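Structure first, commentary second.
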Amino acid sequence: MTADAPLTRESFRRLHPINAPRPVAQLPDRVWTGEDWDRIRRGYRARDMDEKWNVFAEDNVVFMHRSWTGHGIYEASFAPVPGGGKRIFSAVVEADGGRYRSMGDEYDRLMMELIISAIVLGEPAADLRAGFAELTARASGRSELPSGVMEHSALGLRSGS
């Protein structure tokens, strides 16, 4: 497999589909460019223990699985938009509390966009990271924790490309 060959379901040792899908009511507003989509459809494989996500696409659906367990957490369906690019038009999240504990639609919207932007595309995503820090501090009631601790726990680190 070449470096530019898209990752597929078969690229990963173990993947488990979402057990109890729940629609995500809040979706990212972002329109990803054609160039972004080319990179997104190639996917992303966690390279070490600090990385938390494996991502691959089938047709216009992007699958986001936890790297350690292989559990599917998000499935985002993309559609073209007038003027070019693609946006998420529907998504589901794992609702089985034994596999994933969601903190609500706002959190899931932010996580999907962070996984795609920061992990798959390798963007700094400073605004998304700041929003994540604010949301998790508010939801957890633990504003004393450094924002990086909560982010690393949920998002992980992205190794160099």
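Points to keep in mind about this one:
- Taken over segment 97-126, residues that are of a type in the set (S, T, N, Q) and closer than 16 Å to GLY43 by Cβ amount to 1.
- Within segment 1-30, the residues that satisfy the criterion of being buried (at least 17 other Cβ atoms within 10 Å of the Cβ) and β-branched (Val, Ile, Thr) are ILE18, VAL24.
- Within segment 20-48, residues that are touching a residue at least 40 places away in the same chain (Cβ under 8 Å) and over 17 Å from TYR74 (Cβ atoms) have Cβ atoms under 8 Å from residues that are of a type in the set (S, T, N, Q) and surrounded by fewer than 19 Cβ atoms within 10 Å (Cβ to Cβ) in these pairs: ARG47/SER159; ASP48/SER159, counting only partners at least 6 apart in sequence or on another chain.
- Residue check for ASN54: touching a His at 6+ places or on another chain (Cβ under 6 Å) and more than 20 Å from MET103 (Cα to Cα): yes
- Members of segment 71-95 that are loosely packed, with under 15 Cβ neighbours inside 10 Å and β-branched (Val, Ile, Thr): VAL81
- Where strands (runs of 3 or more DSSP E) fall wholly inside segment 39-135, the ranges with 1 or more residues that are in contact with a Gly (Cβ under 9 Å, 6 or more places away or on another chain) are 53-58, 61-66, 86-94.
- Restricting segment 102-141 to residues that are at pLDDT 85 or above and of a type in the set (D, E, K, R) leaves a set whose member that is nearest to the chain's Cα centre (by Cα) is GLU113.
The values are calculated or read from the model by the stated rules, or taken from the named source; none is laboratory data. Everything numeric in this text was worked out from a predicted model, so none of it was measured. For neighbour counting, all protein chains shown are included, and Cβ atoms are generated from backbone atoms with ideal geometry for every residue, glycine included.
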